[in-house]
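These notes concern the structure reproduced below.
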Amino acid sequence: MSSEVLTHAPGVHTPGADEALGTPAPGEARAEAQARARQAARIPADRPARVVIVGAGLMGDWWAREVVDSPVAELVGIADLVDGAPQRVIAGCGAADPASIAVGADGVDLALEVGADILINPTVPVAHHPVTVRALHAGIPVLGEKPVTETLPEAISLVAHAEITGVPFMVSQSRRFFPQVRQLRQFVADHGPTVITSAFFSLFEEHEGYRRHQLHPMLRDMGIHAFDTARYVLGTDPVAVTARGARPEWSVYDHDATVTATFEMSDGSLFVYNGTWNARGATTWWNSEWRIGAQHGTATWDGSGLPVLTTADEEETARLQAWIAEQPDPDSQPDQIAASLIEFVTALREARTPMCEVHENLLSFAMVEAAVAAVDHGTRIEIDPLLEEAKEQAIAAETHPEARALMQSWTSVRDVLDAWQEAQG
Ligand SMILES: NC(=O)c1ccc[n+]([C@@H]2O[C@H](COP(=O)([O-])OP(=O)(O)OC[C@H]3O[C@@H](n4cnc5c(N)ncnc54)[C@H](O)[C@@H]3O)[C@@H](O)[C@H]2O)c1
């Protein structure tokens, strides 16, 4: 496909000769191709989704157990570069017939071989881009682990690959799927706008593996969870950030596993994140501890129990607490990756866009990378220029001609995200 054709991508539509002749404009042609790919990805409602997992590490092990337990999915294969790793995960996943689960080294090849409906990708972050690109071009929908990729240019490239293939790609932001998070979102919708929100994460952890050497592990491994949750709960997007990191001498991490970051959001409110793996005692839950201050009320959540919703009016506060009390017990509902899997399979069955589709996820990851840049440069970082810089890097690194031409046609990354949002209705 020529770059001329691709200048008509969604968000940058320019009427052309084709339209004058009455044939669909290329933007429409892409939309039709995307609709066809979505139909092709459709999973019948009368059987579970056939799942291959690529990456049989810590998270692959958790995913395998969830898929085996899930009412909407069945585990048909596991792949890992490390010999014996898939077999170890299969042995512990509780499958009724472990011998029926295929194993391999290449997740995409294995998914094609066994006719999988979905590839779940909990490989290490540096492998997210190459594995997902191959899967999307092979027509296999991907449910990828957070963070979407290792770098922001790679994440922007995946937006382009998702657009040109039309194959569904959702990033599993597991912490968004707690019922309490939905309750906080409802509270903000009813009592906002917010003015200041904080998430505090503190757990003493000495992780083994890639996190020990990762640059900015707290922001990249944990910050992403809170940033995505904040966008979902507050209904606002990031504009700019200032941030500082610390690396105490007792830290086992090469880089800062302690960080503080303050985001300016699109409605003028502030979102403050504090996170550490270096402090002992008085731990928070993995979800962080939340305080959300809004015009008509304040909510707090310890990250595990029920949220506490308050206003300046005693009756309204009592009504809100009664509403929380009558909600189903959070422990009785699927959450985290179990709920994320249900969302992806349901979306594929209904041929609709899943929550956390890569376009929707990009700004959560941009918050991480903006905070990383703010720590590195010691300055306030604005999100949009960072996205444009990353887009240029993505174009320079892109080896797929169509994806490169598509990104070159974009007026700005923000325009592409806005056009996508508008198309969702
Ligand atoms: N949602 C959550 O709560 C949560 C929790 C932990 C980890 N994660 C995410 O899950 C991902 C994996 O983390 P982890 O702790 O399981 O890491 P890990 O190092 O334990 O496991 C990763 C596995 O991927 C394999 N791998 C790497 N590249 C591969 C490739 N190209 N093909 C096949 N296999 C490949 C490795 O051999 C390893 O077995 C990360 O993105 C991490 O951020 C999410």
* Asked: If you rank L387, L341 by fewest surrounding Cβ atoms within 10 Å, what's the result?
  -> L387, L341
* How many percent of DSSP beta bridges within the chain run antiparallel, rounded to 5? -> 55 percent
* To do: For each of C356, C93, count neighbouring Cβ atoms within 10 Å of the residue's Cβ, then give the residues from fewest to most.
  => C93, C356
* To do: With label points built 7 Å along Cα→Cβ from the Cα atoms of A105 and V195, find their separation and express it in nm.
  => 6.1 nm
* To do: Figure the gain on full extension for E350 and T310 (residue separation times 0.36 nm, minus the Cα-Cα span) and round it to one decimal in nm.
  => 10.6 nm
* Asked: Where does each of 369-375, 68-74 land if you order them by average Cβ count within 10 Å, highest first?
  -> 369-375, 68-74
* **Helix-derived mean residue ellipticity, 222 nm - over the chain, DSSP H n ≥ 4, -39500 (n - 2.57), to 500** => -13500 deg cm²/dmol
* Taking K and R as +1 and D and E as -1, what net charge do the other residues with C-beta under 9 Å from the C-beta of N287 add up to? -> -1
* Asked: Under the classification rounded if a/c is under 1.5, otherwise prolate if a/b is larger than b/c and oblate if not, where does the stretch 272-412 fall, given a ≥ b ≥ c as square roots of the Cα gyration tensor eigenvalues?
  -> prolate
* **Rounded to whole Å, sorted largest first: equivalent-ellipsoid semi-axes of the stretch 176-330, Cα gyration tensor** => 30, 17, 12
* How much space per residue, in cubic angstrom, does the convex hull of the C-alpha atoms of the stretch 215-296 take up? -> 99 Å³
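How much length is gained on full extension from T399 to T317, taking 0.36 nm per residue of separation minus their Cα-Cα distance?
23.9 nm
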* Structure fact -> the chain -> Rg/Rh from Cα coords, Kirkwood Rh, value 0.97
* Asked: Taking other Cβ within 10 Å of each residue's Cβ, how do D329, D384 sort, fewest first?
  -> D329, D384
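Computed from the coordinates by the stated procedures, all read-outs in this text should not be read as laboratory data. All of these numbers come straight from a predicted model, not from anything done at the bench. With ideal geometry, Cβ positions are generated from the backbone for all residues, glycine too; neighbour counts draw on all protein chains shown.
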